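A.B. asks: Handing you this structure, nothing more for now.
Quick note: the coordinates plus some simple rules give every number you see, no bench work behind them. The structure displayed is predicted, hence computed values, not measured ones. A quick note on method: Cβ atoms are made from the backbone with ideal geometry, for glycine too, and the neighbour counts reach across all protein chains shown.
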Amino acid sequence: MTNFTKLCIKYSDPSNSLPDITVNYKLRSSNISQKWVQRVLLAQQSDYNIDAPARFYGFGSLQAQRSTALQTINDLIFQLNRYIKIDYQLTRVDDQDTLNRLHHIFEIEHGLLDSKNIDSEFQRNLCDLNLAVHRCESIARGAHPRHVVTYYGLPKTQTLSEDDHNYFESQITFGTVYINYVEIGKTLHDLMLDNDNYIDPAAFQPFTHYSADFVVKFWNDKNADLHDKLAHYYDQNKDFFQSLGHSWLDLKKSVGAIPVADLDYSGDILKDLETRQFVKAVHFL
């Protein structure tokens, strides 16, 4: 098996008025990095395309982001009303209670991991609703720039080993590539942030599975007190978590995300991506 050292992402201008750029990311020397690479290669060899090549967050003015996010999510509510009744709309991107209600619809109607029918228009609308909810949350929490690459159809069959958990980091580092959370549901961190009172117990899903999906984050956050905040939240809701068989000793192993590569680029990445918000290709060297 080839031991890859570099992730290369080609970014494109959707209007085709600017040349493509290829940005390199140095792969970290960990087993989980190479295991993740193999999942990406499997997705590509199995003819799974990137689901939403233009899935970028945090670029452009806040006003434009808010307007687009609200329009998108309310359009989806209109579409979903052909199948189920949703008798409300979203009026503010920071209305977390309504976002929780909408996410709960996704959880219930979509089903848990790999229980989806990707050929159903209803299911596709539900998945788009999930993305729209997270886009609103992202804007409300600071609109930090990032982009996400997913291969939706690839079965999520791989689980993290005990050793893989050693690579979780709570801090966020500018230009770092992280394995994306692929469960259908929410982590302990999500529940704390969202104060979610609608979630079905079965939809509490710690970070267990991984796939080819990844996120590139372009901001810094030390998150120095994240473990303490999560420990406190766990203690406040201990009966709920213990009833599902989850101890703090186990849950604290997957706080944060697993980094797999770091930016290796001499240009102004944010400026260059401002006009190239489309992932044209992903490959490894």
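A.B. asks: Along Cα→Cβ, 7 Å out, is where each label goes; now give me the distance between the ones at LYS26 and ALA281 in nm to one decimal.
C.D. replies: Distance between the two pseudo-spin positions: 2.4 nm.
A.B. asks: Mean residue ellipticity at 222 nm from the helices of the chain, using -39,500 (n - 2.57) per DSSP H segment of n ≥ 4 over the full residue count, to the nearest 500 deg cm²/dmol? Provide the component values of the computation, followed by the final result.
C.D. replies: Details: 9 runs with 103 residues, N = 285.
Helix contribution divided over all residues of the chain: -11000 deg cm²/dmol.
A.B. asks: Given a Förster radius of 35 Å and the C-beta distance between LEU244 and GLN171 as r, what FRET efficiency does 1/(1 + (r/R0)^6) yield to the nearest 0.05? Show your work: numbers first, answer last.
C.D. replies: Working: r = 28 Å, r/R0 = 0.79.
Here the calculated transfer efficiency is 0.80.
A.B. asks: Within the chain, which whole H helices from DSSP have a Cα span along their axis of at least 18 Å and a mean Kyte-Doolittle hydropathy of -0.5 or more, if any?
C.D. replies: Values: long enough: 31-45 (21 Å, -0.35); 62-80 (27 Å, 0.15); 96-110 (20 Å, -0.86); 121-140 (28 Å, -0.13).
Helices meeting the span and hydropathy rule in the chain are 31-45, 62-80, 121-140.
A.B. asks: Quick one: Cα convex hull volume of region 60-144, Å³ per residue?
C.D. replies: Taking only Cα atoms, region 60-144 has a hull volume of 97 Å³ per residue.
A.B. asks: From the phi of every residue in region 251-263, what ³J(HN,Hα) in whole Hz does the Karplus formula 6.51 cos²θ - 1.76 cosθ + 1.60 yield, where θ is phi - 60° and glycine or proline is x?
C.D. replies: After applying 6.51 cos²θ - 1.76 cosθ + 1.60, I find 5, 5, 6, 10, 7, x, 8, 9, x, 10, 7, 10, 4 Hz.
A.B. asks: Based on Cβ point charges of +1 for Lys and Arg and -1 for Asp and Glu, what charge dipole magnitude is obtained for the chain about its Cα centre, in debye rounded to the nearest 20? Display every interim value, and only then the final one.
C.D. replies: Values: 28 positive and 37 negative charges, 120 e Å.
So the magnitude is around 580 debye.
A.B. asks: For the pair ASP13/ALA64, report the inter-label distance in nm, with labels modelled 7 Å from Cα in the Cβ direction.
C.D. replies: 1.5
A.B. asks: If Lys and Arg each add +1 and Asp and Glu each add -1, what is the summed charge of the other residues whose beta carbon sits under 15 Å from the beta carbon of ARG82?
C.D. replies: Values: positive: LYS85, ARG124; negative: ASP75, ASP87, GLU109, GLU121, ASP128.
Neighbour charge sum, excluding ARG82 itself: -3.
A.B. asks: Counting alpha carbon pairs within less than 8 Å and at least 6 residues apart, what relative contact order, in whole percent, applies to the chain? Write out the running numbers ahead of the final one.
C.D. replies: On the way: 457 pairs, mean separation 92.9, N = 285.
Relative contact order here is 33 percent.
A.B. asks: Going by the alpha-carbon gyration tensor, a ≥ b ≥ c the square roots of its eigenvalues, is region 189-228 rounded (a/c under 1.5) or, if a/c is not under 1.5, prolate (a/b greater than b/c) versus oblate? Show your work: numbers first, answer last.
C.D. replies: Details: a/c = 2.19, a/b = 1.22, b/c = 1.79.
Here region 189-228 falls in the oblate category.
A.B. asks: 7 Å from Cα along Cα→Cβ at both LYS253 and LEU270: what's the point-to-point distance in nm?
C.D. replies: Result for the modelled spin labels: 3.7 nm.
A.B. asks: Treating only the Cβ of Lys, Arg, Asp and Glu as charged (+1, +1, -1, -1), what charge dipole size does region 120-181 show about its Cα centre? Round to the nearest 20 debye.
C.D. replies: Details: 5 positive and 7 negative charges, 65 e Å.
Charge dipole, region 120-181, about its Cα centre: 300 debye, nearest 20.
A.B. asks: Taking the highest mean first, how do the peptides 258-266, 196-204 order by number of other beta carbon atoms within 10 angstrom per residue? All intermediate terms of the calculation are to be shown ahead of the outcome.
C.D. replies: Details: 258-266: 17.9, 196-204: 15.3.
Answer by packing, highest mean first, reads 258-266, 196-204.
A.B. asks: How big, in percent, is the set of alpha carbon pairs in the chain lying more than 35 Å apart? List each step's numbers first, then the result.
C.D. replies: Values: 6275 of 40470 pairs.
The proportion of pairs with Cα distances above 35 Å equals 16 percent.
A.B. asks: Still on this structure, I have one more. On alpha carbon coordinates alone, what is the Rg over Rh value for region 1-82, Rh being the Kirkwood radius?
C.D. replies: 1.09
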